[in-house]
Amino acid sequence: MTDRTSPATPLTVGIDVGGTNIRASVVDGDGEVLDTVQAPTPHSARALENALERAVHELRERHPIGAVGLAVAGFINADRSTVRFAPHLPWQDTPVAQRLTGRLDLPVILEHDANAAAWAEYRFGAAAGGHNVVLVAIGTGIGAALLIDGTLYRGSHGVAPELGHLQVVPDGRACPCGKRGCWERYCSGTALADTAIELLATDPVRSTVLAREVFRDPGSLTGRRVAGAAQDGDPIAVRAVADFARWLGLGLAFVSDIFDPDLVVIAGGVSSSAPLFLDEAREEYARAVTGAGHRPLARIRTTQLGEAAGMIGAAELARAVLVDTAPQPNHVAPTRR
């Protein structure tokens, strides 16, 4: 059996391929980040692959690297070799793993960024010890992952589970996916800003700091800014966060009705503001889940690994490829004398 923490075991690189930046980290067998490089995300496929190659080469100059994993916000095919579609990246039906393997002469695997984060939390963070685990990554939208008895569930075609696009409000807010009323349109950083703007439109309290900012520049409002204003007691922001908490609890009730997890991990950028909304979300979830009061409830935790989870998970999944393909020792019967 390969010793995952042995000095002889090669380190691996996990790369978070985001729409704005790429971040590449060297990760050891204990999930510790040893080194990181970062660069802006280019807008063409060739330039992006060049940037990824440069990042790995830079890290490779300082560390022995055995494999590379990419965490991508997009649809990955079932064998984790091809990016089918990534809304913020220049890859469509692109054999990214094959291309980078040829460039780097290293094994390269792809993974959906939420799956990578869930695997990292399961191996080293908040999901450790969970049996059936759902990770909900809340940022600009909602990414999600499902672990069943320690195995990532990807569906038949590699794209499950798209929980952010469950329709919770028929004919509700328009979603970039083409539908209306998706869960992420009411429970995300973007949704938090949209809710605050709607509340201001119906109750334009010009005396609040948030209201004055929106009045000056409506496009400047972000979920992070709303959360900060709620922390400061701004009444409109507080109401927007309360609405967010309600939708998070309702959505988790839907998720529990479908998957019946024992553990839910809340990740993504919005998770840093969890003290503002998590208790209320837990209460709403407990009320809304089917069979409320007559069934065990999932534990709801926030991420332990934060923004590094996707990189750590991608690196760990790449390490698994090395372990699976490592030559096994020959078992030779002792010679009789």
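Read-outs: derived from the displayed coordinates by stated rules, not from any lab. Keep in mind it's a predicted model, so treat the numbers as computed, not measured. Neighbour counts are summed over all protein chains in view; Cβ atoms, including those assigned to glycine, are modelled from backbone coordinates with ideal geometry.
Consider just the alpha-carbon atoms of the range 62-103 and return their Rg together with their Dmax, both in angstrom.
11.4, 33
Please give, to one decimal in nm, the separation of the simple spin-label points placed at Ile148 and Asp35, each 7 Å out from Cα toward the Cβ.
4.0 nm
From the phi of every residue in the range 224-237, what ³J(HN,Hα) in whole Hz does the Karplus formula 6.51 cos²θ - 1.76 cosθ + 1.60 yield, where θ is phi - 60° and glycine or proline is x?
Result, rounded to whole Hz: 4, 5, 5, 4, x, 5, 5, 4, 8, x, 4, x, 5, 4.
5 Å is the cut-off here: which amide hydrogens, built 1.01 Å from N in the peptide plane, fall below it relative to Asn132, excluding neighbours closer than 5 in sequence?
Distant-sequence amide H within range of Asn132: Asp149, Asp262, Leu263.
If you plug each phi of the range 99-111 into the Karplus form 6.51 cos²θ - 1.76 cosθ + 1.60 with θ = phi - 60°, what whole-Hz ³J(HN,Hα) values come out, in order, with x for Gly and Pro?
Karplus-based 3J(HN,Hα) across the range 99-111 equals 4, 6, 4, x, 6, 9, 6, 9, x, 10, 10, 10, 8 Hz.
I need the shape label for the range 7-60. Rule: rounded when a/c is under 1.5, else prolate if a/b > b/c, else oblate, with a, b, c from the alpha carbon gyration tensor.
prolate
Obtain the nm distance between the two label points defined at Ile197 and Gln98 by a simple spin-label model: each point lies 7 Å from its Cα along the Cα-to-C-beta direction.
That separation, rounded to one decimal, is 4.3 nm.
From the gyration tensor of the Cα coordinates in the range 129-303, what semi-axes in whole Å does the equivalent ellipsoid have, largest first, with each one equal to sqrt(5λ)?
In descending order the semi-axes read 30, 17, 14 Å.
Among the DSSP beta bridges whose two residues both lie in the chain, what percent are antiparallel, rounded to the nearest 5?
About 55 percent, rounded to the nearest 5.
Sequence gap at least 6, Cα distance under 8 Å: using those rules, report the relative contact order of the range 129-303 to the nearest whole percent.
Rounded, it is 23 percent for the range 129-303.
Considering the zone a paramagnetic label at Val159 would reach in this model (a point 7 Å from Cα along the Cα-to-Cβ line), which residues of the range 43-83 have amide N under 17 Å from it?
72-83
Hey, for a label at Asp79 modelled as a point 7 Å past Cα toward Cβ, could you say which residues of the range 107-127 have their backbone N under 16 Å away?
The answer is 107-111, whose backbone nitrogens lie closer than 16 Å to the label point.
From Cα pairs below 8 angstrom and at least 6 apart in sequence, can you work out the relative contact order of the chain, rounded to a whole percent?
20 percent
Can you give the FRET efficiency to the nearest 0.05 for Arg212 and Leu297, using r as the Cβ-Cβ distance and R₀ = 45 Å?
0.65
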